[in-house]
Amino acid sequence: MADYKNTMNLPTTEFPMRASLSQREPRWLVKWHRLDVYGTALERRAGGPPFILHDGPPYANGHIHMGTAYNKVLKDLVVKYKTMRGFLAAGARLCVADGYAGATAALLAVCERLRRQDREP
């Protein structure tokens, strides 16, 4: 078999050929936790005008689908944009299932678990 690698004009990069995600991701998570980018952004925006993104209950209209993911990504982008513009936009994890007429016990339990996770260091 011919070795065509040496006949191609490929750039030299520091990127590894294999992703090795299972080995690299834990290091990234430790680094991100140590940097605490979200906490730093909230501290810097403490005096800024508030921006609250009202997010409805998860899966209010049926099963999860690509539109659900698209919606969450767009909301995340809006919150990040507003944070970068100087607003105190801490509503990314707003769970408004409380008081929602169709909220089930399981949905309320998920919201409570998210609240506990937000309070843990």
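The values are calculated or read from the model by the stated rules, or taken from the named source; none is laboratory data. A quick note: this is a predicted structure, and the numbers were derived from the prediction, not measured. Methodologically, a virtual Cβ is constructed for each residue, glycine included, from the backbone with ideal geometry; neighbour enumeration extends over all protein chains shown. Each accessible area value is taken on the protein alone, full model and side chains, heavy atoms only, with ligands, DNA and RNA left out. Shrake-Rupley method; radii C 1.70, N 1.55, O 1.52, S 1.80 Å.
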Next item on the list: From (1) open to solvent by 60 Å² or more (accessible area, probe 1.4 Å); (2) of a type outside the set (S, T, N, Q); (3) modelled with pLDDT of 85 or more, pick out the condition that doesn't hold for PHE15.
Entry: (3)
Note to self: What are the pairs with Cβ atoms under 8 angstrom where one residue, in segment 73-84, is surrounded by 12 or more Cβ atoms within 10 Å (Cβ to Cβ) and the other, located anywhere, is assigned to a helix (DSSP H, G or I) and at pLDDT below 85? Sequence gap at least six, or different chains.
What the structure shows: THR83/ALA41
Note to self: Being out of contact with any Phe, Trp or Tyr (no Cβ under 7 Å at 6 or more places or on another chain) and touching a residue at least 12 places away in the same chain (Cβ under 8 Å): is that true of ASP55 here?
What the structure shows: yes
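Results for (1) farther than 30 Å from PHE87 by Cβ; (2) among the basic types (Lys, Arg), shown as yes or no for each residue.
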position	(1), (2)
ASP3	yes, no
MET8	yes, no
THR12	yes, no
PRO26	yes, no
LYS31	no, yes
ASP36	no, no
ALA41	no, no
ARG44	no, yes
Margin query: Looking at the structure I just gave you, is ARG45 surrounded by 12 or more Cβ atoms within 10 Å (Cβ to Cβ) and at pLDDT 85 or above?
Written below: yes
